[in-house]
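> My questions all concern the structure below.
The values are calculated or read from the model by the stated rules, or taken from the named source; none is laboratory data. Just so you know, these numbers come straight off a predicted model, no measurement behind them. Note that each Cβ is placed from the backbone with ideal geometry, even for glycine, and that neighbours are counted across all protein chains shown. Ligands, DNA and RNA are excluded from the accessible area calculation, which covers all protein heavy atoms including side chains. Shrake-Rupley method; radii C 1.70, N 1.55, O 1.52, S 1.80 Å.
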Amino acid sequence: MASDEEKSRAFNRLKPLCVTVTKQPCRESIQRLHQELKATDQPLLQDLQEYVLFPLRLVFKQVKTIQQDVYIDVCECMMFIFNGSKITNWQMFTDLFTTFSCMISSPHDSLPVIASCEELKLVILKTLTALVVNTEWSVLKILYEPKSLPALGHAVSVVLKEAEVERSRDLQITAIVCMCSLAQINRKLVKSERLLLGDVFASFLPGITMTLSRIITGDQKQGQAVLVKAIDTWTRITSLVMSDEAADITETKNGSLKTNEVDEKIRGLMIKRNKDWLTSTSSKLLILIKQITTVKTHSNWRVRLALVEWADLLLKKCCKSMKECVPALLEVLVGLIGDDYKNIKTKSLESLNGFKQKQKDVCETRALQEILSDNLHSLTTSLPRQIHMADEDGKLAIVNLLNGYLTLLGPDINQVFKSIAHLRRLSLSLIQALEFDCTDIRIIEHKSQSIVKGGIPSEADIMRPKHVFKHFRDNQITTALIQSCHLLGQHGDIDLLVDHMMDLLHESSIYQLQSVFIINQIIAGSVTKENVSLVVDIIRMLVDEYLSDDNFNIPTSTPAQCNTQSNQESSPLWLNKGNNSSLTLANMNHNIMKICLLIEGVGIFAKVLGADFRCLLMDVVYPLLEKLGQDNTYISHTAYYTLTEVSTACHYSSIDELIRKNSDYLVNTISLKLRRFHHDNHAPLVLQVMIEYSSVELLPLIHDTVQEILETLDNNYEDKSSVFLQVLKELVVSILRWFPFKDKENTKEKNYQSESDLASSLKQLQQDRHPESKKSLTLKQIEEYFIDYHKTKQIADGNIDDIDSGDTVDNDDIQDENQKGNSDKKDLPFHVTAVKEILLRTKHLMSCNNPRLRLLVLDIIQYSIQVLYNYQDELLPMLHEIWLPFALRFSDDEKLVTVKAMETLRLMSDCSGDFLMKRTIKDIIPSIKRFLENQAKISYHCGSMYTFTVNYKLQLTFLTNLGQLALKLQIHGNDLNLVTSCCLPYLNTHQPQTLQAASVNCFRDFTKLDKDVIWFTLNNLYTPQHLTPPSPAFTPIQFNTKASEENEYSRNVKMLLPFTEQSYS
């Protein structure tokens, strides 16, 4: 405690400053007083409080004009005094309290001092807050007596007005804090004090709650700090007035206020908190509570957390007195269970569990369940309307609210579902919310190619179908609705729910997609069910329903489109679906989406059952492989994902292993269906998919099935051949992938196709002998070599029949040796014999009327000759077999077929060397020459649009491949002149640039065969300079053009002549 001497010194220092402030209130004098107060010990302020405050109080009472800055300094000085001491004098308190309240009143009031600037209002509110906080309760208690009710009411209204009207965030927050101090929210109060304050503020509750509600639901740009403080203040003042504690006491007492000592007017302002008043007020507060709950979708997490605490405090303290508001408060907590922020979610769950436990303690569990049940029914009734009309945030909020109710009800949801009205209402709400958008043309437009391209596909190669809903686009809403279905599967009766959704599935086509989607997600949510046997039985029933023809084999395109697709050609299944020609785009998209959802469902079932799903593999693998082979991207990629999930669930390492381990069942099914091919033409498609997605281990397992495919092809040349050709093509492609061909130089087979190989081959044969052996070749060895060469030469000339009929050497020993050699020859591998058989069975189709089939056969030939590359003894006879129909393709009416034929010929020459040289010169080059010469006249001086024609593509294909073809076939002499004459017109600069470039490349290849011939040919087109013989003995060369005379060929000829002058390598 300060001594008298210290008090005296402090008084002597402050006295002259106080006198100066009294006589001349200016900023300098007030600031000096403030500085001196700061230098004074805090215990001395209590004793000198009234003396120091007196001159400062006089400043507010002077009539003369004083600047606003002076008032600010005075308030700051007072605030310092209040914070450093306690107010113990009621007269001084009420004087200051009234002064501050009046200073921030409306400017229209006739008062000497009005706060007109935000800075002054801010400091006055802070000073008023400090005054109330630092006043002793014995003094402050008088403020809450009935006689002081007008003064307190004025202060409350003034503070609320500043909080609502002002736009400065600091000023708003300070006004709300001041309101909290007036209600003594932050002070620790005993029960009697809480009752007193509750009785007093019951008079102000309507104004306080309405004003704060307007602030809370107002412009969100005012900042989260304002909203959080307003929500907190609303909660604390409402719980103070409407507390259950007060409700219990008012039943026995008439209140804590003494109304006898006040006049009639003041008595009319006072509220008697009885049961009727609490009930009436609760119904009015419900309106405000519903308005405040709209803030639960606020973007700032602090606001949502404050709303959780708001609902939690009201449920804890006002559950009885605000019974009507309990459902709305529960709705807030339930809706925020699914919030993204963990602390909000955790706080919501804690509040709900606490309230649930409290209800159990007072034996009101049934009442809580009824509240939740009624709220759930009301919510599901409004859910479709909200999903259709609200914004994305509103839609997410109402779905999260649904999830909250389902979570809170838990297993009790089955009691709700005993009411058919509740069950149907919830089901239809989910169906209407999850309506799919089937108008996107991309659903039917996307056509897929093979997902597997020589290896495991990457995520970029696979387009996972994305569900697009009609009424929302936000993925969070989709996730929330899926969670709703999971909760139903987790807590609900699976048998009841699935049975009800199946009824809706069959009730209307409008409900089909949504019903399947919901069933899938309900099963996915049942993964935690302990009764696995029940889930297995339900899944078995669903698999049978999903894979039925009425659901799984529905049309996904019009019959006209199907006639061009290998997997949907005039199937009887189509004939049973009605008039498919009337299918609209929406109908086809609907069917595609339905099939995708059914396939997804199978994958979900596999995840749920895990290894127990093996018992259903025989039912699902074949249909899934069938859908994997469809050309629609959505269906095929969905089937791929589902097969991957099935493989993982059944502990297979890949789809390949899944197919191999179940190949016996698959092969048997394919064989059975091939026998009824006209009734079900999808069997070849399944075999194609098996080959495409498997490894070489599958090849021995499908040996007999491939033979059945070939036999069935023989019986279906006319109408179904494209289906089989696709399978055979896939088989050859896969064989090439499994057995990649090696370079000739690395093979041990010796094949001699031309006379030019004879000397080098004989020399090589000598070098292959053992180095130590100095002996020369025996006559027997030379004889064998010539016999082998003669046979190959006959094959190259097309005289196979002569060889087979008896074109043999008249030497018995030689025949014996040949027979011995044939007996020692190893059996060919299955893949080689299969490819040979495929070529023999498909060569006739090269002459069919359908150009698409001709292209397929050419594709098969391309891959087949690569497979046979390492088996030249098999390749060359096969080339002879297919040559005649193949050569006719260069006169085909369809230019695209000719393009493919030229590419195939180039590949043939790469694999067989000059074996086809004479045949090509005789059967093919004349057709090429005739086409190129005729077409050169058309492409001469043509426009850019010509490059989009099919004739241009064929010209470019010929010119691109002729050079390399001549190199591989080793064309020389007159034959080379014939080939070069095809390309000469395209050295003209008036031809399209790309054709010129292709022709130049051809001549560069020709120079590698005979530079002199090409040199002479080019000089005939353009002679860059006059050539003089080195001696009179030589006759001068005469060309068709004059030396150095520029023409249309000169530019390209100049480019090519340097290549003809290089020395031979």
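> Does the stretch 161-169 contain at least one residue that is in a helix (DSSP H, G or I) and open to solvent by less than 30 Å² (accessible area, probe 1.4 Å)?
Taking every residue of the stretch 161-169 in turn, at least one turns out to be in a helix (DSSP H, G or I) and open to solvent by less than 30 Å² (accessible area, probe 1.4 Å).
> Only one of these is open to solvent by 10 Å² or more (accessible area, probe 1.4 Å) and touching a helix residue (DSSP H, G or I) at 6+ places or on another chain (Cβ under 6 Å): Ile216, Ile173, Ile208. Name it.
Only one candidate passes the filter, namely Ile173.
> Here's another thing I want to ask about it. Within the stretch 691-698, is even one residue within 25 Å of Asn850 (Cβ to Cβ), in a loop (DSSP other than H, G, I, E, B) and out of contact with any Cys (no Cβ under 7 Å at 6 or more places or on another chain)?
We begin by selecting, within the stretch 691-698, every residue within 25 Å of Asn850 (Cβ to Cβ); these are 691-692.
Now drop any that are not in a loop (DSSP other than H, G, I, E, B), which leaves none.
There is no residue in the stretch 691-698 that is within 25 Å of Asn850 (Cβ to Cβ), in a loop (DSSP other than H, G, I, E, B) and out of contact with any Cys (no Cβ under 7 Å at 6 or more places or on another chain).
> Does the stretch 55-77 contain any residue that is of a type in the set (S, T, N, Q), at pLDDT below 80, out of contact with any strand residue (DSSP E or B) (no Cβ under 6 Å at 6 or more places or on another chain) and open to solvent by 70 Å² or more (accessible area, probe 1.4 Å)?
yes
> Here's another thing I want to ask about it. Does Ala1033 meet the test of being surrounded by fewer than 16 Cβ atoms within 10 Å (Cβ to Cβ) and either more than 20 Å from Arg1051 (Cβ to Cβ) or without any contact (Cβ under 8 Å) to a residue 60 or more places away in the chain (or both)?
Judged against the criteria, Ala1033 is a match.
> Then there is this: Is there a residue in the stretch 638-649 that is more than 20 Å from Val733 (Cβ to Cβ) and either more than 26 Å from the chain's Cα centre (by Cα) or touching a residue at least 60 places away in the same chain (Cβ under 8 Å) (or both)?
yes
> Which condition from (1) within 22 Å of Ala130 (Cα to Cα); (2) out of contact with any helix residue (DSSP H, G or I) (no Cβ under 9 Å at 6 or more places or on another chain); (3) not aromatic (Phe, Trp, Tyr) is the one that Leu53 breaks?
Of everything listed in (1) within 22 Å of Ala130 (Cα to Cα); (2) out of contact with any helix residue (DSSP H, G or I) (no Cβ under 9 Å at 6 or more places or on another chain); (3) not aromatic (Phe, Trp, Tyr), Leu53 misses just condition (2).
> If Lys577 meets every condition in (1) at pLDDT 85 or above; (2) of a type in the set (D, E, K, R); (3) open to solvent by 50 Å² or more (accessible area, probe 1.4 Å) apart from one, which number is that one?
(1)
> Right, something else. Quick one: His590 ticks every box in (1) of a type outside the set (A, V, I, L, M, F, W, C); (2) surrounded by 18 or more Cβ atoms within 10 Å (Cβ to Cβ); (3) more than 23 Å from the chain's Cα centre (by Cα) bar one, so which box is it?
Going through the list (1) of a type outside the set (A, V, I, L, M, F, W, C); (2) surrounded by 18 or more Cβ atoms within 10 Å (Cβ to Cβ); (3) more than 23 Å from the chain's Cα centre (by Cα), His590 breaks only (3).
> Here's a follow-up. What about Asn353, is it in a helix (DSSP H, G or I), open to solvent by 20 Å² or more (accessible area, probe 1.4 Å) and farther than 27 Å from Glu324 by Cβ? Write out each step before concluding.
Numbers: in a helix (DSSP H, G or I): yes; open to solvent by 20 Å² or more (accessible area, probe 1.4 Å): yes; farther than 27 Å from Glu324 by Cβ: no.
Against the criterion (in a helix (DSSP H, G or I), open to solvent by 20 Å² or more (accessible area, probe 1.4 Å) and farther than 27 Å from Glu324 by Cβ), Asn353 does not qualify.
> Can you tell me how many residues within the stretch 1038-1065 are loosely packed, with under 10 Cβ neighbours inside 10 Å, among the hydroxyl-bearing types (Ser, Thr, Tyr) and either at pLDDT 75 or above or farther than 19 Å from Gly963 by Cβ (or both)?
Final tally of qualifying residues: 1.
> Another question, then. Would you check if Gln184 is surrounded by 19 or more Cβ atoms within 10 Å (Cβ to Cβ) and in a loop (DSSP other than H, G, I, E, B)?
Yes, satisfied.
> List every residue pair whose Cβ atoms lie under 9 Å apart, where the two residues are 6 or more positions apart in sequence or sit on different chains, the first residue falls within the stretch 118-144 and is at positive phi, and the second residue, located anywhere, is assigned to a helix (DSSP H, G or I) and crowded, with 19+ Cβ neighbours inside 10 Å.
none
> Residues in the stretch 855-871: is at least one out of contact with any Lys or Arg (no Cβ under 6 Å at 6 or more places or on another chain), open to solvent by 10 Å² or more (accessible area, probe 1.4 Å) and charged (D, E, K, R)?
Within the stretch 855-871, not a single residue is out of contact with any Lys or Arg (no Cβ under 6 Å at 6 or more places or on another chain), open to solvent by 10 Å² or more (accessible area, probe 1.4 Å) and charged (D, E, K, R).
> Residue check: is Leu995 open to solvent by 40 Å² or more (accessible area, probe 1.4 Å) and not charged (D, E, K, R)?
no
> Hey, Val1000 hits all of (1) in a helix (DSSP H, G or I); (2) more than 60 Å from the chain's Cα centre (by Cα); (3) closer than 30 Å to Met945 by Cβ but one; which does it fall short on?
(2)
> So, of the residues in the stretch 336-362 that are at pLDDT 85 or above and small (Gly, Ala, Ser), which turns out to be farthest from Ile289 (Cα to Cα)?
Gly354
> Do you know which of the residues in the stretch 1013-1027 that are within 22 Å of Asn974 (Cα to Cα) and aliphatic (A, V, I, L, M) is surrounded by the most Cβ atoms within 10 Å (Cβ to Cβ)?
Leu1018
> Out of all the residues in the stretch 289-343, which are open to solvent by 20 Å² or more (accessible area, probe 1.4 Å) and in contact with a Phe, Trp or Tyr (Cβ under 7 Å, 6 or more places away or on another chain)?
Once the filter is applied, which keeps residues that are open to solvent by 20 Å² or more (accessible area, probe 1.4 Å) and in contact with a Phe, Trp or Tyr (Cβ under 7 Å, 6 or more places away or on another chain), the stretch 289-343 yields Trp301, Tyr341.
> Next question. Please go through (1) more than 30 Å from Lys470 (Cα to Cα); (2) not in a helix (DSSP H, G or I) for Gln630 and return the number of the only condition it doesn't satisfy.
Looking at each condition in turn, Gln630 falls short on (1).
> Criterion first (open to solvent by less than 10 Å² (accessible area, probe 1.4 Å) and not hydrophobic (A, V, I, L, M, F, W, C)) does Thr380 satisfy it? Spell out the reasoning first.
Numbers: open to solvent by less than 10 Å² (accessible area, probe 1.4 Å): yes; not hydrophobic (A, V, I, L, M, F, W, C): yes.
Yes.
> Could you check the stretch 890-983 for helices (runs of 4 or more DSSP H) lying wholly inside it with 1 or more residues that are among the aromatic types (Phe, Trp, Tyr) and buried (at least 22 other Cβ atoms within 10 Å of the Cβ)?
Helices (runs of 4 or more DSSP H) meeting the threshold: 950-969.
> A further question follows. What number of residues within the stretch 518-557 satisfy the criterion of being closer than 17 Å to Ala606 by Cβ, out of contact with any Ser or Thr (no Cβ under 7 Å at 6 or more places or on another chain) and modelled with pLDDT of 85 or more?
21
> I've got another one for you. Any idea which of (1) modelled with pLDDT of 90 or more; (2) closer than 22 Å to Phe417 by Cα is the one Asp312 doesn't satisfy?
Only one criterion is unmet by Asp312, namely (2).
> Related question: May I ask you to list the residues in the stretch 187-204 that are open to solvent by less than 10 Å² (accessible area, probe 1.4 Å) and touching a Phe, Trp or Tyr at 6+ places or on another chain (Cβ under 8 Å)?
Leu197, Val200, Ala202
> A further question on this structure: Within the stretch 1-34, can you find the residues that are closer than 18 Å to Tyr71 by Cβ and either open to solvent by 70 Å² or more (accessible area, probe 1.4 Å) or of a type in the set (Phe, Trp, Tyr) (or both)?
Within the stretch 1-34, Lys23, Gln24, Arg27, Glu28, Gln31, Arg32 qualify.
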